[in-house]
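Everything on this sheet refers to the single structure shown next.
The values are calculated or read from the model by the stated rules, or taken from the named source; none is laboratory data. Given the structure is predicted, the values throughout are model-derived calculations rather than measurements. Using ideal geometry, Cβ is built from the backbone for each residue, glycine included, and neighbour counts are taken over all protein chains shown. With ligands, DNA and RNA removed, areas are computed over all heavy atoms of the protein, side chains included. Shrake-Rupley method; radii C 1.70, N 1.55, O 1.52, S 1.80 Å.
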Amino acid sequence: MEETISAIATAAGASGVGIIRLSGADAIEIADKIFDKPLIQAEDRKIIFGHVKNFSGEVVDEAIVLIMRAPKSYTKENVVEFQCHGGSVVLREVLKLTYEAGARPAERGEFTKRAFLNGRIDLTQAQAVLDVIQAKTEAALTVAQNQLAGKTSKEIREIRQAILNSVAHIEATIDFPEDDLDAVTLKEVDKNISAQIVKLNKFLENQTAGKILREGLETAIIGKPNVGKSSLLNFFAKTERAIVTDIPGTTRDSIEEFVNVGGIPLKIIDTAGIRNSSDAVEKIGIARAKDCAERAELILALLDASRQLDDEDEEIFKLLPNRNVIILLTKIDLPQVTTAAQIAKKIPSAQILEISLKSGAGTDKLLSAITERVGKIDFEMNFVRDEREANLLRRAVKHLREAQKTIQLNIGIDFVSIDLRGALECISELTGEAVSEDVINEIFSKFCIGK
């Protein structure tokens with residue numbers, strides 16, 4: 001029998017309400033030991049007001065308790081929630097009492113892990129729980145909620161069932177061998193395999209978009225000092241996120257901020273101004289700026305239109321070849337000394353936009369350019385969540401193509417079944433029907449404690 005677990009289920013910090021969650025066969029009995037109202041015979045899903053008491057009979061907090069008996073709960077086990085005041089001290093005291101009464105501390109993601117192990121959700125839905133919590137835009141939330149509701153699971157199950165039908169068809173033919181029956185069966189199986197390959201490839205086509213929605217498009221703002229990098233970050237963040245002054249070298253380290261551009265989350269990184277500097281701290285910041293530019297998926301390179309190009313700008317140009325970059329010619333509200341035509345001669349293939357962060361001129365074109373770079377994303381589509389899922393899908397497609405190759409070579413109908421079963425194993429690992437304990441533990445270790 002699984003031990004009963006307990007954890008704080010709300011975010012750290014002071015708040016109006018804080019929740020302690022217990023799950024397990026003994027959850028109700030444990031909660032009953034520290035509450036001044038009887039809970040063992042309490043009505044299911046009825047809110048009960050009372051007081052949490054320690055084992056000396058002293059009141060620790062007033063609270064309401066909600067009981068959800070198995071299997072009608074998040075984990076399909078007995079679940080009890082104490083809704084207490086949201087102070088960190090009182091929550092820790094109540095949590096400690098649950099341990100003293102017989103519960104043990106929950107591990108990261110253990111409540112959702114139990115929901116998965118008990119068959120309430122599959123692995124794709126379990127991972128969607130984390131995506132819902134971490135969603136950075138409404139669009140990302142929509143995608144996560146669709147996956148949590150089983151939209152992806154439903155399509156994966158349909159693909160699995162279609163392949164399973166072909167396996168059953170083949171094995172029935174093997175039991176009743178006839179040459180003409182073999183040919184008919186293989187023709188139908190080949191057609192079915194092609195249809196499932198198309199569906200699986202649609203998932204893979206959306207891998208990049210899924211990663212962007214979940215993690216944000218890593219976008220580096222680079223340029224020499226005082227070209228408007230911090231002002232651009234503040235424009236995206238719609239707040240004074242970075243200090244803006246006329247003093248060169250104000251930004252000495254990278255500043256990160258998630259922003260929403262047309263439903264697409266951008267992980268914006270404002271970097272130190274790239275220039276020749278003898279300051280040891282600033283030199284570290286400049287090195288980090290160059291590292292950010294190297295790994296960024298999108299670069300916004302800023303050049304000051306009110307100043308002549310110089311050696312520091314040339315250092316910026318060296319970072320741009322063969323990169324996904326938008327060059328921004330800033331401060332166009334001032335008399336222009338450097339023009340877009342001059343920049344185009346140096347980097348002919350670059351997209352160059354003229355903007356003023358002071359007046360707002362050109363900023364609409366910048367937002368449009370970013371969304372165009374990402375491409376149109378249909379937020380109702382199914383998305384591959386991570387490289388693990390993508391790898392399983394690629395392996396499944398490979399097995400299906402091997403099955404088609406076996407059909408074409410006329411090697412034998414039973415060998416087709418072997419390849420199809422290989423594809424089924426990959427799909428079963430994707431949904432969690434056949435996945436190792438190590439993989440499960442790795443997935444749920446990314447969750448917060450209490451979820």
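With coordinates expressed along the principal axes, the C-alpha atoms belonging to the chain extend over 83, 77, 36 Å, beginning with the largest.
Within a straight-line Cα-Cα reach of under 20 Å, Lys33 can be paired with the following lysines, leaving aside sequence neighbours fewer than 8 residues apart in one chain: Lys46, Lys53, Lys96. Rounded if a/c is under 1.5, else prolate if a/b is larger than b/c, else oblate: which is region 104-171, with a ≥ b ≥ c the root eigenvalues of its Cα gyration tensor? Oblate is the answer for region 104-171, as a/c is 1.5 or above yet b/c matches or exceeds a/b. For region 83-218, just say rounded, prolate or oblate: build the C-alpha gyration tensor, square-root its eigenvalues into a ≥ b ≥ c, call rounded for a/c under 1.5, and beyond that prolate if a/b exceeds b/c, oblate if not. Oblate shape, in that a/c is at least 1.5 and b/c is the bigger or equal ratio. Start at zero, step by 5 Å, and the Cα-Cα distances of region 1-151 spread as 2, 10, 18, 20, 19, 15, 10, 5, 2, 0, 0 percent across the bins. FRET efficiency for the Ala369 to Tyr99 pair, using the beta carbon distance and R₀ = 60 Å, is estimated at 0.65. Solvent exposure of region 116-227 amounts to 46 Å² per residue of accessible area, where only protein heavy atoms count and the probe is 1.4 Å. Note on the chain: helix-only mean residue ellipticity at 222 nm, from DSSP H runs of 4+ residues weighted -39500 (n - 2.57) and normalised by residue number, equals -15000 deg cm²/dmol.
Counting only protein heavy atoms and a probe of 1.4 Å, the accessible surface of region 1-78 is 54% carbon and sulfur.
Of all aspartates and glutamates in the structure, the ones whose alpha carbon falls short of 18 Å from that of Lys72, not counting any fewer than 8 places away in one chain, are Glu2, Asp26, Glu29, Glu43, Asp44, Glu81, Glu110, Asp122. Calculate, for Lys191 and Lys154, the FRET efficiency according to 1/(1 + (r/R0)^6) with r their C-beta to C-beta distance and R0 25 Å; round to the nearest 0.05. The calculated FRET efficiency here is 0.65. Ordered by 1.4 Å accessible area with all protein chains kept, Phe317, Phe55 run largest first as Phe55, Phe317. Taking a ≥ b ≥ c as the square roots of the eigenvalues of the Cα gyration tensor, region 345-391 is classed as prolate, since a/c reaches at least 1.5 and a/b is larger than b/c.
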